[in-house]
Amino acid sequence: MEQVLLLNITYEPLKIIDWKKAITLLFLGKVEVLEEYSRELHSVSFTIKLPSVVRLLWMVKRPKTAVKFSRQNIYARDQYRCQYCWRQFSPEDLTYDHVIPKSQGGKTKWGNIVTCCIQCNRKKGGRIPAEARMKLIRKPSRPKWLPALRVTIGFKAVPQSWQDYLYWNVELIE
Ligand SMILES: [Zn+2]
């Protein structure tokens, strides 16, 4: 069944809701429809296209929580890009890399961990980037803010019509 991306009034993705909930919000005048699926909903009194992205017409404050240090969140911070070759991968083809290797005192912390593809990881081995003649494209840091959605939905499972909105969000990382 089609799911609907719910955006805050600021266009920040809030969560994924089912289409029935989206229609209810629409009829209560609480959301506007930004994107639609091609499928239509028919009832006795109306026919509408199924919404795929809706935006709240009032502000919802999200609780500020620290971003958990996890593999998924590291990938999300780095936009699923290897930080050495800048290519984008799906999570199963990624790993994370200690910029300064553990053996040289590198810590397992936001500032020393980057997303890395298997190939670059192998090439780098247990060395610092300079020793491996590799260049880190972006200095890692703790993300101040992270789109929760990016973390909970798989990279490939995102409907086409959502991508502009998720992308907008991802651009805010740093
Ligand atoms: Zn790479």
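The values are calculated or read from the model by the stated rules, or taken from the named source; none is laboratory data. Just so we're clear, the structure is a prediction, and the values are computed from it rather than from any experiment. No Cβ is skipped: glycine too gets one built from the backbone with ideal geometry, and neighbour counts run over all protein chains shown. To get the accessible areas, we keep the full protein, side chains included, count just its heavy atoms, and leave off ligands, DNA and RNA. Shrake-Rupley method; radii C 1.70, N 1.55, O 1.52, S 1.80 Å.
Can you name the number of the only condition in (1) farther than 30 Å from ARG39 by Cα; (2) modelled with pLDDT under 70; (3) polar (S, T, N, Q); (4) surrounded by 12 or more Cβ atoms within 10 Å (Cβ to Cβ) that ASN121 fails? All conditions pass for ASN121, except number (2). Looking only at region 38-53, decide whether some residue is in contact (Cβ under 8 Å) with a residue 40 or more places away in the chain, more than 30 Å from ARG138 (Cβ to Cβ) and under 18 Å from the mean Cα position of the chain (by Cα). Yes, region 38-53 has at least one match.
Only a single item in (1) surrounded by fewer than 12 Cβ atoms within 10 Å (Cβ to Cβ); (2) outside any helix (DSSP H, G or I); (3) among the charged types (D, E, K, R) is not met by GLU131, and it is number (1). Just one of the listed residues (HIS42, HIS98) is at pLDDT 95 or above, open to solvent by 20 Å² or more (accessible area, probe 1.4 Å) and either within 15 Å of the ligand (Cβ to nearest atom) or not charged (D, E, K, R) (or both), namely HIS98. For GLN83, indicate whether it is open to solvent by less than 90 Å² (accessible area, probe 1.4 Å), within 16 Å of the ligand (Cβ to nearest atom), under 20 Å from the mean Cα position of the chain (by Cα) and free of Cβ contacts under 8 Å to residues at least 12 places away in the same chain. No. In the set SER70, SER141, only one residue is of a type in the set (Ser, Thr, Tyr), open to solvent by less than 50 Å² (accessible area, probe 1.4 Å) and away from the ligand (no atom under 16 Å from the Cβ); that residue is SER70. Taking each residue of region 110-126 that is within 8 Å of the ligand (Cβ to nearest atom) and looking for partners that are part of a strand (DSSP E or B) with beta-carbon atoms closer than 6 Å, six or more apart or interchain, yields CYS116/THR95; CYS116/ASP97; ASN121/THR95; ASN121/ASP97. The single condition from (1) more than 27 Å from GLU12 (Cα to Cα); (2) at pLDDT below 85 that PRO147 fails is (1).
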